[in-house]
Each structure stands twice: as C-alpha cells, then as structure tokens.
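Below: one structure, written as structure tokens.
The values are calculated or read from the model by the stated rules, or taken from the named source; none is laboratory data. Note that the coordinates shown come from a computational prediction; the quantities given were computed from them, not determined experimentally. Neighbour counts are summed over all protein chains in view; Cβ atoms, including those assigned to glycine, are modelled from backbone coordinates with ideal geometry.
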Amino acid sequence: MFAIFVACATLLVITAGALVTSNDAGLSVPDWPTSFGSLVKVPHFVGGIRYEWSHRMVAGTLVSLTLTIAIWTFLVERRRWMRWLAIGAFCTVVVQAVLGGLTVLLFQPPAVSTAHATVAQTFFCIAVAIALFTGRKWVEEQPRVEFDTRRPSLLTLTLLSIFVMYVQLILGGMFRHHGMSWWPHVLNAAIVAFVLTWTVIRTLSVYSHIQAVRRPAILILALLITQLCLGFAAFLTRVAWGKDAAQPELPMVAATVAHVAVGALLLATTVVLAIQVWRHVPVAFAEPALQPQHDASAA
C-alpha cells in the first residue's frame, strides 16, 4: 500500500509541475534550494509563487517518501533486484530534484527543463513498477505462460510503444519550454497513436484470455483516446487561440495539465503491460532451450 501511495504522490508532483509550466511560474521563486533565502519560511502566495513553492514542497515530500521506501525495501526485501530497483528509484528522484534546481538557476534552458520533465515521468514508471512488484498478486500468483510465435513479438511492440512515447515526451517538453516548434510533437503523436493501437489490437486479439495483459491493454486504449482529445484541446487553446494572450488562460492551463497527467498515466500503463507481457507471454525462441532439459529429466 505504501508503494501505491508513493506512486500516487509522484503523479501529484507531475501535475504540480505541469501547473508551474502552464502558468509560466517557473522562475517565480528565483533561488534554489532555498525559497527567497529560507528553507522553511512560507512566502506570500502572490502570482506564480503559489504554484512554484507548492511544487517544491510536494517534490521535497516525495524525496522523503522515496528514501523511506528505499530503506524499507533494502532491509526487508529478499529479492536482490528489488533492492537495487528501490535504490535506483531514490537516485532517480534525487536527479529529478537537482534538474529542477538547475532549471531555476540556469533560467529555464529548454534542454534542462525537458530533462527535468522526462526524469519525472521515468521516476513515476519506476514507482508504479515497485508497486506492481510488491503487490500480493505478483508475489503469490503462478504466472500463466504462453509463448509468442508472432513477429514482431508482443514484447517488441510494447518496448517500441515505450520508445515512441519517450520521444513524444521529449518533443512535448521542448515545445512547452519554447525550445522547438509544435509540429514535430504533433507528427510524432500520430506515430504514437499507430504503435499503441497496433500493440493493443495484438494484445486483445490474441491474448485477451490472460487477464494480466488484457487489463492494461484496455486501459491503454482508454487513456490513448483521452490523451488524443486532450492533446487536440491543448493545441487549440495554446497554439490556435492563445498564442497572443497576455497571460496563460484557464482553458489552456486545464487542457495542458490534464494532457501531461494523462500522458504520464499512459506511459506508466504501457510499462506495466511490457512487464506483464515479459512475464506471461515470453518470446517463443526461449521454448526450445527448455525442451532438451525436459527430455533429459524424463530419461
């Protein structure tokens, strides 16, 4: 349950960060790691300070939560790879915090700001994976294995889906932070939609009887449709209607923040699907390697 709480807190931090960016509040607090020279004093919530300072406080809390889960996992978890994953999660959230500080100190260079957003969503995926791996169902269930003989394999499709979404994440970050035009982001959105749809259709048409892969695939489809609608709304409110606005307007802020949050959920759900496919639908070339061992034992 604590791992699920950390994953939910991470999504909250991502949403708070999107509020900062969408409201052009990134430099409202001009120093780091202090805020107006203090680590504990709450500033007056004027203008964008409310967004930037709140984001910092939530992010700082997340660092403490991640340290807690890393120590707990290292002490009680018997699986060595889980201990390393928890340590990796803590290192990732520290990198995320440092990139956030550099974003302020270097006056929001697009590359650093985009890296800050990318690492945030990477940490969210790690947090979701930890919640999955520590869940009772993962620990206690006997996985139903069915070898995949198709090419490309479903595992390849899920990994390709993750890759094109990371490209989309980088392109979107560069666009939001004024380091790139909007059209590469929109063009790659079509590629993301195609690859994800291909992956979902393969999953549901061939392996719908395996609940562990069917559920994330259905969720991916729902999130993809929602994300495309939010992306269109964000494009209209930011590029078509709001490009001459004196300050960020509410429709643009709402559409953009929702677009970022749903994008994070979509990426994390695709990572879950990839993990479940790896567990339940391994690539078929692993099967012959098991056959001789089986024959030898039978003899």
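Observations on the model:
- Meets criteria (touching a Leu at 6+ places or on another chain (Cβ under 6 Å), under 24 Å from Val272 (Cβ atoms) and not assigned by TED's automatic domain parsing to the domain that holds Pro248) for Val93: no
- Here Val20 qualifies as surrounded by 18 or more Cβ atoms within 10 Å (Cβ to Cβ) and either closer than 16 Å to Val128 by Cα or hydrophobic (A, V, I, L, M, F, W, C) (or both).
- Among the residues of the range 73-92, those that are under 17 Å from Phe124 (Cβ atoms) and surrounded by 16 or more Cβ atoms within 10 Å (Cβ to Cβ) comprise Leu85, Ala86, Ala89, Phe90, Thr92.
- Leu224 vs. criteria in the same structural domain as Leu267 (by TED's automatic domain parsing), crowded, with 17+ Cβ neighbours inside 10 Å and modelled with pLDDT of 95 or more: yes
- Filter result for Leu99 (surrounded by fewer than 20 Cβ atoms within 10 Å (Cβ to Cβ), closer than 20 Å to Asp24 by Cα and at pLDDT 95 or above): yes
- Against the numbered list (1) farther than 20 Å from Val98 by Cβ; (2) out of contact with any Ser or Thr (no Cβ under 8 Å at 6 or more places or on another chain); (3) hydroxyl-bearing (Ser, Thr, Tyr), Thr66 comes up short only at (1).
- Any chance Ile225 is within 15 Å of Thr269 (Cα to Cα) and either over 25 Å from the mean Cα position of the chain (by Cα) or free of Cβ contacts under 8 Å to residues at least 12 places away in the same chain (or both): yes
- Here Leu159 meets each of (1) in the same structural domain as Leu187 (by TED's automatic domain parsing); (2) more than 20 Å from Val281 (Cβ to Cβ); (3) in contact (Cβ under 8 Å) with a residue 40 or more places away in the chain with one exception, condition (2).
- Residue check, Val29 touching a Ser or Thr at 6+ places or on another chain (Cβ under 7 Å) and either outside any helix (DSSP H, G or I) or more than 27 Å from Ala233 (Cβ to Cβ) (or both): yes
- Filtering the range 102-123 to residues that are crowded, with 16+ Cβ neighbours inside 10 Å and outside any helix (DSSP H, G or I) leaves only Gln108.
- The set of residues in the range 156-180 being surrounded by fewer than 19 Cβ atoms within 10 Å (Cβ to Cβ), among the aromatic types (Phe, Trp, Tyr) and within 21 Å of Thr256 (Cα to Cα) consists of Tyr166 alone.
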